[in-house]
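Reading through the structure tokens given below for one structure.
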Amino acid sequence: MLLQRVCLTELRGQQGLRPLVCRALTTSHPRLEVKPAGKEHLVRVKLNSGLPIYTQQKTDQDWGNVWPAARTFSPATVPFPVRQGYPASGKPTPDKWGNAELMKIPNFLHLTPPVIKRQCEALKKFCTTWPARLETATKQEKHFPVTISKSSYLHSSPTVRDSKARIVTLQVSLKSLELDQHGRDKLLRLVGERYQAASDRLTLVADRCPLSKQNYEYCQYLMTVLYNESVKMEPWEHEKEVADREKFIWEGSPSQAAAQTALTARRATDAEEVLKEYELVVTDLHNEGEDETTIERYKESVMRLLNLADPQDAAKVAHSQVC
Amino acid sequence: MAPTARRAVLLLRGLGQCGLGRQGGCGALWGQRWISAQASPAPPRPSAPRTATTSPAQHTTDHRGLWYTLEQDMVTRLFTQGGMTKSFVTQCRTLAETCLMVRQPALTMMDYVRRTSPSDGPDGCGKTLALAHATHFLAESGWLLVHVPWAPNWRRRFKEVAPSTTVEGQYNHPLDAAVWLQHFKTQNAELLKTLQLETQKEYTWSRREVTEVNSPLMELVETGIGRARYSSDCVLALTSELKAHAAEGRCKVAVVVDGINTFFAPVSRYRGEDRSFVDPQHFTLFHAFKQLFTTDWKNGVLVGSLDRLANESSKRGSHLPRYLLRQKGWEALDPFVPIPVDDYDDLEFRSAIDYYLERRWLQNPMANTDMGRRELAALSAHNPFNLVQVCRPL
């Protein structure tokens, strides 16, 4: 009896030190089993249950069942060695045991490819089929130019509300608004940063009201006002002068008049073609900025406009191209 | 003139640093080299590649890189009042002759004039001398020259500016305009005698001084030279008369302007009555010449150079025409044929070194060696103005 009690006391002492013992066992001699004298059965069970669980896992087990949901990293369950953190001087990077760095970062061990596949399969029965004739992005944009997006959140917390659920985003492609040049220019000035040139889309984000419904309605209102303001021509807009233009416009420019005069003066036969090319070159030079190349192109264009091009030069160029 | 080409600036900066350690900069550097190379004597002095064709009208691309001499009386006639840079005039006096290299931009320009325009380029590439070459050509080909040697002077280094007595709000340059009229007279006196141009309007300067209708144009010029008070109005009258005569086919007028972009700069250095800087658009002289830039007349040609230095200091970022001319200048001059004036190419560079060696502007015999030439090319970055500067102490 006395002996038994002593054993139990020892065991209690061992239980307090269990993590340390386990660690020593797993790291130094994973196969070593401690067998104290007497009460063999009891001791073995206790110690086996203290071994890291991954030592008992089978290689063909279903990982989705072991790690079914998002969870803090646990070194005993994760079967592979992994290291993380800043190494102490002359030491290797800390391993997974008792590693706070590994526990801090979010992991995706619950989202392995087979699990995702299984979850998708499970969700499939709730999905409807994709509408026919809406396969391409252009078709989708044509028939559904407006995209409204918002997020719903589900928590296991005392409240079911999430403040992020109120945010509503409205996206619309500018092409679908069918604005003229003035309207488009005005809209772009009004929306500023909310326009994405690469996708030609306008993004409005509303989060000022507490409910998503209110924010959605606010988006609708904003879009309506923006459109109507863009279409409207205010009386002061006619005061915009040439210097206020953001781009060079060929129609009605002094360059156009001068080129026309030059062509009329020399009674050119190919006036249309030369003028068209000259228009392109001059517009490019003003809008894209000048450099040696654009100036050279401008020069060539002027030479044709003023009929200064030497027929011998042209022949030479043609000859060199043939060569 | 500061070098604009970034390449040139970088190379020169490098030179300055290494030159500081050895007294006297690159001159000392060359001296040391020369002493060490005394054992192997330098090749004999070459003779400059020259052309006997002194008439620019006969210059073709075959003459490119060759030097031609301007006769002294032609220089006196065309460039007494400017038209060549001051440093070039000094150099010509030193070398005892006025020689120009036949270069591509001038050839192109003359070709276009023959076939019937402004040029642009970084500083020190020879825009002014390309214009001088073209001026010589135009003068020989019987064009009436309206030559503005360096227009920015009227905007910032004027002798005197006075409010106009004839037009409210305008300003005159009494002395500068008189000097220009003298320049016009020197350039075109002989031609005007043969052309027999007469005034088409009556000009009343004061109660006593009147230029009648059908009086010779030279009388208008003489009035301006004699009475500086009316000189700016005389220039305005003269340019209007010339424009009308050319449009009616009695003469052909070549307008040559160095630094044409200065006509579109928004500030001058003259302070008006309210102590603010006057817009040069109010200068009578600018009016007089700007009316020649329009396309509403014929029998004329406009040759101009676009120069960074002709702009105010805040607008010298690029040597390209749209930047230098601004919106207004572009609208006034469009369409024009831009002729880029670049640094020397290898042929021209070799020719320039040969010329300086022949005229003993380059005294150091090592300049004639391959190594010396390459060093000069690196130091000057092939820029004509830099080359002269680099050669100065050698």
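The values are calculated or read from the model by the stated rules, or taken from the named source; none is laboratory data. Quick caveat: nothing in here was measured; it's all calculated off a predicted structure. Neighbour counts are summed over all protein chains in view; Cβ atoms, including those assigned to glycine, are modelled from backbone coordinates with ideal geometry. Remember, those area values only see protein heavy atoms, side chains included, never the ligands or the DNA or RNA. Shrake-Rupley method; radii C 1.70, N 1.55, O 1.52, S 1.80 Å.
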Gain in span if fully extended, A:R189 to A:Q140, counting 0.36 nm per residue against the direct Cα distance: 14.9 nm
Between B:D370 and B:R392, how high is the FRET efficiency from 1/(1 + (r/R0)^6) when r is the Cβ-Cβ distance and R₀ = 25 Å? Nearest 0.05. 0.70
How many percent of the alpha carbon pairs in the range A:69-227 exceed a separation of 27 Å? 56
Roughly how big is the B-A contact, given as buried accessible area in Å² (both sides, 1.4 Å probe, nearest 100)? 1800
Cβ neighbours within 10 Å from other chains - mean over A:237-247: 0
Return the loop-located chymotrypsin sites (Phe, Trp or Tyr not before Pro) in the range A:58-127 (DSSP other than H, G, I, E, B) with at most 15 other Cβ atoms within 10 Å of their own Cβ; answer none if there are none. A:W97, A:F108, A:F126
Mind ordering B:55-67, B:150-162 by average Cβ neighbours within 10 Å, highest first? B:150-162, B:55-67
Determine the sum of side-chain charges near A:Y153: Lys and Arg each +1, Asp and Glu each -1, restricted to other residues whose C-beta is under 15 angstrom from that of A:Y153. +2
Accessible area per residue, 1.4 Å probe, Å², for the range B:56-340: what's the number? 40
Scoring only Lys, Arg, Asp and Glu (+1, +1, -1, -1) among other residues with Cβ under 11 Å from the Cβ of B:Q104 yields -2
Between A:K150 and A:K276, take the C-beta separation as r, use R0 = 41 Å, and let me know the FRET efficiency to the nearest 0.05. 0.25
Given 0.36 nm per residue, what is the gain on full extension from A:L51 to A:R83 after removing their alpha carbon distance, in nm? 9.5 nm
How many percent of the accessible area of the range B:56-340 is carbon or sulfur, using a 1.4 Å probe? 51
Which GluC sites (Glu not before Pro) does the range B:215-272 hold that lie in a coil by DSSP with at most 14 other beta carbons within 10 Å? B:E248
How much of the pair distance distribution for the range B:266-349 lies past 18 Å, counting alpha-carbon pairs only, in percent? 57
Residues of the range A:164-185 with backbone N under 15 Å of the label point set 7 Å from the Cα of A:M223 along Cα→Cβ are A:168-179
As a test of the definition: which semi-axes, in Å, follow for the range B:56-340 when you take the square root of five times each eigenvalue of its alpha carbon gyration tensor? Largest first, please. 29, 24, 18
Pull up the cross-link candidates among the lysines for A:K104, meaning alpha carbon to alpha carbon under 27 Å and not fewer than 8 places away within one chain. A:K91, A:K96, A:K164
Using a simple spin-label model with points 7 Å from Cα along the Cα→Cβ vector, what separation in nm is obtained for B:S55 and A:K164? 8.8
Averaged over its residues, how many other protein chain Cβ atoms are within 10 Å of peptide A:283-293's Cβ atoms? 2
So for the range B:56-340, taking the charge dipole from beta-carbon charges (+1 Lys/Arg, -1 Asp/Glu), which of B:W330, B:G249, B:L217 sits furthest toward the positive end? B:W330
In debye to the nearest 20, the charge dipole size for the range B:56-340, taken about the Cα centre with +1 at each Lys and Arg Cβ and -1 at each Asp and Glu Cβ, equals 640
Stretch A:F126-A:N307 to full length: gain in nm at 0.36 nm per residue minus the Cα-Cα span? 57.9 nm
Determine the sum of side-chain charges near A:V168: Lys and Arg each +1, Asp and Glu each -1, restricted to other residues whose C-beta is under 15 angstrom from that of A:V168. +3
Which pairs break 26 Å Cα to Cα here: A:K142/A:K186; A:K247/B:K328; B:K252/B:K290; B:K185/B:K298; A:K150/A:K186? A:K150/A:K186
Residues of A:294-303, mean number of Cβ from any other protein chain within 10 Å of their own Cβ, rounded to a whole number? 4
State the antiparallel share, in %, of DSSP beta bridges confined to the range B:56-340, rounding to the nearest 5. 40
